[in-house]
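These notes concern the structure reproduced below.
The values are calculated or read from the model by the stated rules, or taken from the named source; none is laboratory data. If you're wondering where the values come from, they're calculated on a predicted model, not measured in any experiment. Here the Cβ is made from the backbone with ideal geometry for all residues, glycine too, and neighbour counts use every protein chain on show. Surface areas here come from the heavy atoms of the whole protein model, side chains and all, with no ligands, DNA or RNA. Shrake-Rupley method; radii C 1.70, N 1.55, O 1.52, S 1.80 Å.
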Amino acid sequence: ERVYTVCDAVYHPNLASVQYNVFFNLCRLKGVHFDLQEKVGTAFILVDSFAGGVIGMLCVGKRGPDSMKMLGEGLEFVQQQLGINRGHSERYLPQGTFRSAIKEVKRRIDKN
């Protein structure tokens, strides 16, 4: 039995400056991946090209808290790699921005 948590689309303005091969090599090196044998882990959902600044994540775990924790770790990983774009104000970014997604996941993890 597996449980999944999905974050279908979050916007991060710095995503547009990253190349696919660099991003996914970093994921592999840092252990943010999907294990095909165990059938657990993190898979990225490419909503558009990175130029659009939108990415999604699907995290599969053996228990609900595991998949939520993976999502939180995956979002933190992306934030660490891309940073926070200080040139944009939160009020000018679309609803459901990257920072608000991280806050919501942390709130749900703390609630459990």
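Over the chain, with every protein chain in place, what whole percent of the accessible area is carbon and sulfur at 1.4 Å, could you tell me?
Details: 3610 of 7090 Å².
C and S fraction of accessible area: 51 percent.
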- Do the sum for the chain: with -39,500 (n - 2.57) for every DSSP H run of n ≥ 4, divided by all residues, what is the mean residue ellipticity at 222 nm, to the nearest 500 deg cm²/dmol? -13000 deg cm²/dmol
- Mind checking which aspartates and glutamates have their C-alpha under 20 Å from Lys30, skipping anything on the same chain fewer than 8 residues away? Glu38, Asp66, Glu73, Glu76
- Query: Which of the following values of volume of the Cα convex hull per residue in Å³ was calculated from the structure shown: (i) 121; (ii) 234; (iii) 101?
  - Reply: (iii)
- Task: Find how much the distance from Ile45 to Arg108 grows on full extension, using 0.36 nm per residue of separation minus their present alpha carbon separation; answer in nm with one decimal.
- Result: 20.5 nm
- Report the full-extension gain for the segment Ser17 to Leu29: residue separation times 0.36 nm, less the Cα-Cα distance, to one decimal in nm. 2.4 nm
- Item | Simple spin-label estimate for Glu76 and Glu38 in nanometres, 7 Å along Cα-Cβ | 1.7 nm
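Any idea what the relative contact order of the chain is, in percent, if you count C-alpha pairs under 8 Å spaced at least 6 apart?
With pairs under 8 Å counted, the relative contact order is 33 percent.
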